Amino acid sequence: MTAEFVIQLLAQGTQMFMVLLVAPLAVGVVRRVKALLMRRQGAPLLQGYRDLSKLLHKESVVADSASWLFRAAPSLIFALTWVAAALVPSFASGLMFNWAADVVALVALLGAARALLALAGMDVGTSFGGLGSSREMMIATLAEPAMMLIVLTLALAAGTTRLAGVADFFIAEPLAVRVSLALSLIALIIVALAENARIPVDNPTTHLELTMVHEAMILEYSGRHLALIEAASYLKLVLYLSLLICLFAPFGMAPATAGLGGWAIGLVAWVAKLLFGAALLGVWEVSIAKMRVFRLPNFVGVAFVFGFLAILLAFLSRGVVE
Amino acid sequence: MPDLFVQGAALGALVFAAALAAVVRGPALAIVYPIAAVAAVALGVVDLGVLLQGGVLTARLPIGLPMIGFHLRLDSLSAFFGIVINGGVLATSLYGMGLDRVKDLTPRVEPLFPLFAAAMNLVLLADDAYAFLFSWELMSLASWALVVARHTSIDSRRAGHLYLVMAAIGTMALIFAFGGLAGPSGGYAFDTIRAHAPGPMIAVLVLTAALVGCGSKGGLIPLHAWLPLAHPAAPSHVSALMSGVMTKVAIYGFMRIAFDLLGPPAWWWSLPPIILGVITAVLGLLYAVFDGDLKRVLAYSTVENVGVIFVALGLALAFRANHQDAAAAVAMAAALLHILNHSWFKSLLFLGAGAVLHATGRRDLAGLGGLIHRMPRTAVFFLIGALSISALPPLNGFVSEWLLFQSVLAAPAMPQTTLNFASPAIGAMLALAAALAAACFVRVYGIAFLGRPRSEEAAHAHEVPLIQQVAMGGLALLCILGGLFGAVIVAGLAPVLTALVGSGLPNSGAGPTPFSLIAFNAARSVYDAPVIALFVAIASLTTLAVVHRLSERRTRRGPAWDCGFPDPSPTTQYTASSFAQPLRRVYGAALFSARESVVMPPPGDTRPARFSVTLVDVVWATLYARPGRAVLRLSERLNALQFLSIRRYLVLMFAALVILLSIATVMT
């Protein structure tokens, strides 16, 4: 019993540690792929780690008008995102604390991190902070209804909102190609792009005032505070990639009963799929341009429509409608 | 039975306080608040006892209408709402104790405060139509008088006028509802009504009338127009009571009629509350996001929350009609918990707004800013309230939101195609409302408390008295505890759930920890707030420790960077209006005909450019202003009748007599 408990605890700890460890690498892969496709040399794959280390070793400059909230927010945002990332099944579905939050709670945890970040952006009292915060909250109002529809489709298919349960369902019922799930996949990808401030919703590499969203909010941050916020955004990318993998490509993931061997295979499969997903993101980002902020409703609206179609198709295929 | 005596004594104490305050003047008026606080504790304790131990207390007083009497009854539903109400009364009374005895007390407010509290409690106890309507009207009139307490302001008078009209319409609808319930035999006691459930046609009329009567008091769109004017017009602690608590009495009225008196529901009863609720939830927040007045934003957010509660109630009706007890219990638990949670965080936010108003003399967001530096404790409490109402974990607003989403996710299991196809729309609209709530309260908090002060008053704000901080702090603590231990509260609500929908939450307490909230069963959906909060706490402490050890610890204060172009003037900050701009562009153009116009002076002219925004309140323009104009036109026409000669009046009377007689002849 106790040995089992320790192993379970270790597995959960491994997950928490692994998401943190892999996150900068995933971002490095995205950047590297983008650089290669643009025929640039590009930064080395490990640049993410170096960035964080550099930021941690610089002193923090805090604006005169900043309050305690500005200084407390980064660690809270990081912790919320980290816990959320650790709750998404990555290499194994039956981890010790996966049950503590279902997908609704997971989305809300990220929402809490976002609200804190938006508040921190407004704390110093600059025009850029407010600009970023207001746009971020607007994008959230577009993305969250679409996300809810995706959750509804998945819950309808798998009969549960626990991510581990959904993953188990898709492992057990392999490769039944369903139109509703394909539409959900597209919708989730769009939501993930919006939530992670990726092109075409936002450009993580720009500091051009007209187009900034995420970067505008964190403009006043420096040193260790900025390091934590950057790390949180890396984690968020890993979280959404893991979510996509867990829901739509769970092959290789160890089921709840698997032993250490299953976990090892699951771990390798998860890292490989994650890096492959990051590479795809890089390809996507060089092949499309950043959109104007007020064209976003159209883009994210596609996710909403696809989400809606998915759930309607799920009803039809279930045979509720005669 | 002795419990009812305690209730009666406490209500008597409230009325006595009101009478006492009516005769004394000056600082002595402050006496009402300690009395109200003690009475609220007494009432709340009795309610809690009845809720936890079960049982129904009844009494009949020999007053009221002949033959009917004045029936009183305290069951689990009344007791639950009693806890909601008296928690709010206690917090606002504590806040009232901190009012300035020389400047703030007035004989227009203090005598009415305990009367208002007593009337709300009496509505819950009423067990016949007469007693219900009597206490309902007492509540309406007391709150109306509180709204017009500052009668010198034109806004208060206008709000009071509109409130009076809407309250009259609401009560008229309720009279119809009870008339329908009592039927031709005229059994107005609730016991008699329970024994004779009305037929389906009557039930439709009663349900519609109840929705109008209770919806107008609760602020269901399109009957909400008075609420955002009236709630902010009252003194802040009364606003807290009206918004946080009185809207709950309206919901109680609806629940009493729809779930108790009207008998077993049909599934399509659920459609009006769900549809109106969804519209109310989304539109209410859009109003809130576009508004620039702190207290009015809070009032609009109340409208939204009432909408959310009505959606949950509608779902509970539908599940109950389909005999899906577990799902009905989840939806009803969401409704009850949201009622409780909203009374806590909305009271907290209104008290916070009162503190801001007291400290700065302003409630327009355009004149606030930077209050987190000048009012640190109020800022913390308001932040907790703002995050709770945005339904963010691990605070209490999320617990009820989570349960509500779980019940929406169960809606596809119902046999009715209409409800199946409605469920994704309901879920998406509720998610939109949740995201808009977060945007709304990030805006309110970011503009009012963060940033730099936008006015002299905000720059010299001061913290409020300790007792008012205690009132806000207590509510903030409840928001945190309610968030962590929502599962325990839901378990405690089992008697109410059983009474309303037939069963408590299934598998309550069967989760991995005693604090796991379980919808349906543990394999399906679990939310464990303490575990998540613990994880977040451990993660942030670990992070702090590691960062502290590894990183450069020096922190330097300097001027803001602002991408290289910092401007010391506080007017360069984002304002409430500019924060709303992205949302206005996305949602305002279609729903509010939002127009932005820029007036540019010609080159060489040194006048500043002007930017203006116009928003049209569609509901007001179509449903209130237009009929209002029609009534005005009609009365102007009819006005001519006032100035006729006596001969013409005689002719008119004769003609009327002839017409009536001929109608009577034809009819017979």
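Among the residues in the stretch B:112-125, are any farther than 21 Å from residue B:244 by Cβ and either surrounded by fewer than 21 Cβ atoms within 10 Å (Cβ to Cβ) or out of contact with any Pro (no Cβ under 8 Å at 6 or more places or on another chain) (or both)?
No, the stretch B:112-125 has no match at all.
Failed condition for residue B:525, given (1) surrounded by fewer than 17 Cβ atoms within 10 Å (Cβ to Cβ); (2) in contact with a strand residue (DSSP E or B) (Cβ under 6 Å, 6 or more places away or on another chain); (3) not charged (D, E, K, R), with all others met?
(1)
Here's a check for you: in the stretch B:512-527, which residue that is at the interface with chain A (Cβ under 8 Å from one of its Cβ atoms) and either in a strand (DSSP E or B) or under 19 Å from residue A:151 (Cα atoms) (or both) is nearest to the chain's Cα centre (by Cα)?
Here the answer is B:527.
Return yes when residue B:616 is surrounded by 10 or more Cβ atoms within 10 Å (Cβ to Cβ), out of contact with any Leu (no Cβ under 8 Å at 6 or more places or on another chain), closer than 25 Å to residue A:128 by Cα and not charged (D, E, K, R) and no when it is not.
no
May I ask you to say which residue of A:143, A:105, A:79, A:115 is in a helix (DSSP H, G or I) and more than 7 Å from chain B (Cβ to nearest Cβ)?
The unique qualifying residue is A:143.
Could you tell me whether any residue of the stretch A:176-189 is modelled with pLDDT under 90, facing chain B (nearest Cβ under 8 Å) and in a helix (DSSP H, G or I)? Full working, then the answer.
First, the residues of the stretch A:176-189 that are modelled with pLDDT under 90: A:176-182.
Still in the list and also facing chain B (nearest Cβ under 8 Å): none.
Within the stretch A:176-189, none of the residues are modelled with pLDDT under 90, facing chain B (nearest Cβ under 8 Å) and in a helix (DSSP H, G or I).
Matching residues to (1) assigned to a helix (DSSP H, G or I); (2) under 32 Å from the mean Cα position of the chain (by Cα):
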| site | (1), (2) |
| --- | --- |
| B:585 | yes, yes |
| B:597 | no, no |
| B:622 | yes, yes |
| B:625 | yes, yes |
| B:640 | yes, no |
| B:652 | yes, no |
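Residues in the stretch B:45-67 that are of a type outside the set (Gly, Ala, Ser) and assigned to a helix (DSSP H, G or I): how many?
8
Tell me which helices (runs of 4 or more DSSP H) are completely within the stretch B:75-156 and hold 1 or more residues being modelled with pLDDT under 95 and small (Gly, Ala, Ser), or say none if there are none.
Per the criteria, B:76-97, B:129-147.
Within the stretch B:364-471, considering only helices (runs of 4 or more DSSP H) that don't extend past its boundaries, which have at least 3 residues that are at the interface with chain A (Cβ under 9 Å from one of its Cβ atoms)?
Here the list reads B:376-389, B:396-410, B:417-448.
So, residue A:17, is that one among the aromatic types (Phe, Trp, Tyr) and either crowded, with 21+ Cβ neighbours inside 10 Å or under 30 Å from residue B:404 (Cβ atoms) (or both) or not?
Answer is no for this residue.
So that you can scan it fast, the table gives a plain yes or no per residue for (1) crowded, with 23+ Cβ neighbours inside 10 Å; (2) in contact (Cβ under 8 Å) with a residue 24 or more places away in the chain; (3) in contact with a Ser or Thr (Cβ under 8 Å, 6 or more places away or on another chain); (4) within 19 Å of residue B:344 (Cα to Cα):
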| site | (1), (2), (3), (4) |
| --- | --- |
| B:231 | yes, yes, yes, yes |
| B:238 | yes, yes, yes, yes |
| B:259 | no, yes, no, no |
| B:262 | yes, yes, no, no |
| B:270 | yes, yes, no, no |
| B:273 | yes, yes, no, no |
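Given (1) over 33 Å from the mean Cα position of the chain (by Cα); (2) of a type outside the set (Val, Ile, Thr); (3) more than 10 Å from chain A (Cβ to nearest Cβ); (4) not in a helix (DSSP H, G or I), where does residue B:553 come up short, assuming only one miss?
So residue B:553 meets the others, but not (3).
The values are calculated or read from the model by the stated rules, or taken from the named source; none is laboratory data. Computed from a prediction, not measured in an experiment: that's the story for all the values here. Glycine gets a Cβ as well: all are built from the backbone with ideal geometry, and neighbour counts include every protein chain shown.
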